[in-house]
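Every number here is computed from the coordinates shown, using simple stated rules; none is lab data. Every value quoted in this text rests on a predicted model; they were computed, and no experiment measured them. Every residue, glycine among them, receives a Cβ derived from its backbone with ideal geometry; neighbour counts consider all protein chains shown.
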Amino acid sequence: MKKIGIVGAGLIGSSWSAIFASKGFEVYVYDKDADVFKNFEERVNLYLKELKYIDEEINIEKSLDLITSNMELENLCSQCDFIQECSPEIVELKQELFSYLDKTSPENVILSSSSSAMPISLITQNLEGKERCIISHPANPPHLIPCVEISPGDQTSEKTINKTKEVFEKIGYSIVLVKKEIDGFILNRLQGALLNEAIRLYSEGYASADHIDSTVRDGLGLRWAFMGPFETIDLNAPGGIKDYIKRYGNIFSEMAKNQNVIPDWSEENAKKLEEERRAFLSEGELRSRAEKRNDLLKSLRKLKKDMNEDVRK
C-alpha cells in the first residue's frame, strides 16, 4: 500500500500529505474548492521543513515530487490503495463523500476518515462497503504529533483494521486502537474531561483562565509530554500504581461526586473567556502563536527522539 489519497487539502489534509510523502508514499490530493491549492504547496513545504528538523534524513524536494495535488476525485479513487478523508466535521458531508468513495473506488481500497468525534458507523450507515471503512483520527497538527486513533465499526473487517495499522506504523505513528465505538474516541474524551473541569473551575470563580492554563502549561503538561496518566500515578507512589490508588483513590472518588454538573459552555461565559485570552494574546497574534506552538512541538519531538522517547510501540 504505497499510494495514499487525501480528500480535503486544508490544514489537516496538508499535514497528512507532508508526513506520508516524507515517508516515501505517493500522495494524491483532492479538494472540491480549487482555491485551497493556492497555498497548499507553501503549507506542505513548511510542514516538511518542520519534519526535517526532527528527522534530518527527510528529503524535501523528493517528498514534494511524490505529491500530486488538485486531482479529480474519480482519478484519485482509481489510483490509491488507501484514502484518508479530511473534510469538515459535518455528518451529511462525510456521508455524501463516503457514498461516492464507496461507489467509485475498487473494493480493495480502504476508506478512512480523520473525523474528530463521530463514529464510522454513523458516517457509513447507508453504505454497502462498511467492512472497508474506518476512523483514523489524528491529533492536530498530524505531522508533528505522531499519534493516531484507529476506531473501527462493528462491521469493519479485521483485514481493514490490520492494513490501516500497517499504514500508520510505516510512518512511525503511535497507534491507539479504540476497541468499541464511542463518540469522541479516546483523545477528545480525555481532552474533554480536562476542558469541562477547566470551564467549571473558571465559571465558578476558582481561578483565572491563565492560572488554570499555567497549571497544565507549567505543571501537569511537563510530565504529560512523555508519559500518560497511568504511568504518571505509577511513578507517584513508592509501591507503584496499586499503592497510589490505595493512598489517593478515595480523594479522586470524592472529587468525582462533585463533577457531575454540566459546565457552563454558554455564550456569556465564552465572552468572558475571550476577554481574558485577548488580554494575553490579541486576535492578530493567534497565527504567530500557532506557528510558535509548532516550533515548540518540533523541538520537543526532536528532544524525545534523541532521548529515545518519541513513539512507544
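Find out how many positive minus negative residues lie around D264, taking Lys and Arg as positive, Asp and Glu as negative, among other residues whose Cβ is under 11 Å from that of D264.
Its environment carries a net charge of -1.
Over region 3-177, the alpha carbon radius of gyration divided by the compact-protein estimate 2.2 N^0.38 Å works out to 0.95.
For the peptides 194-207, 248-261, what is the packing order when you average, over each peptide's residues, the other Cβ atoms within 10 Å and list the highest mean first?
Ranked by mean Cβ neighbours within 10 Å, highest first: 194-207, 248-261.
As a proxy for reagent exposure, ranking C77, C147 by other Cβ atoms within 10 Å from fewest up yields C147, C77.
On the basis of the beta-carbon distance and an R0 of 30 Å, K159 and N126 show a calculated FRET efficiency of 0.85.
Here mean projected area of the Cα convex hull in nm² was computed from the coordinates, and among [x] 19.9; [y] 19.0; [z] 18.0 the match is [z].
Computed from the Cβ-Cβ distance with R0 of 51 Å, the FRET efficiency linking N45 to N260 stands at 0.60.
The smallest convex shape that holds all Cα atoms of region 231-289, its convex hull, gives 154 Å³ per residue.
Placing a label point 7 Å from the Cα of L273 along the Cα-to-Cβ direction, the residues of region 75-115 whose backbone N falls under 20 Å of that point are 89. Non-local lysine pairs in region 187-306, meaning eight or more places apart or on different chains, with alpha-carbon distances under 27 Å, amount to 7. Label-to-label distance, N308 versus L222, with points set 7 angstrom from Cα along the beta-carbon direction: 2.5 nm. Of E166, E96, E283, which has the largest mean-square fluctuation in a 10 Å C-alpha GNM of the chain? Looking only at E166, E96, E283, the largest GNM fluctuation is found for E283. By the beta-carbon count within 10 Å of each Cβ, the least crowded to most crowded order of R301, R43, fewest first, is R43, R301. Of the residues G13, M1, V29, the one whose Cα sits farthest toward the positive end of the charge dipole of region 1-42, with +1 on the Cβ of Lys and Arg and -1 on the Cβ of Asp and Glu, is M1.
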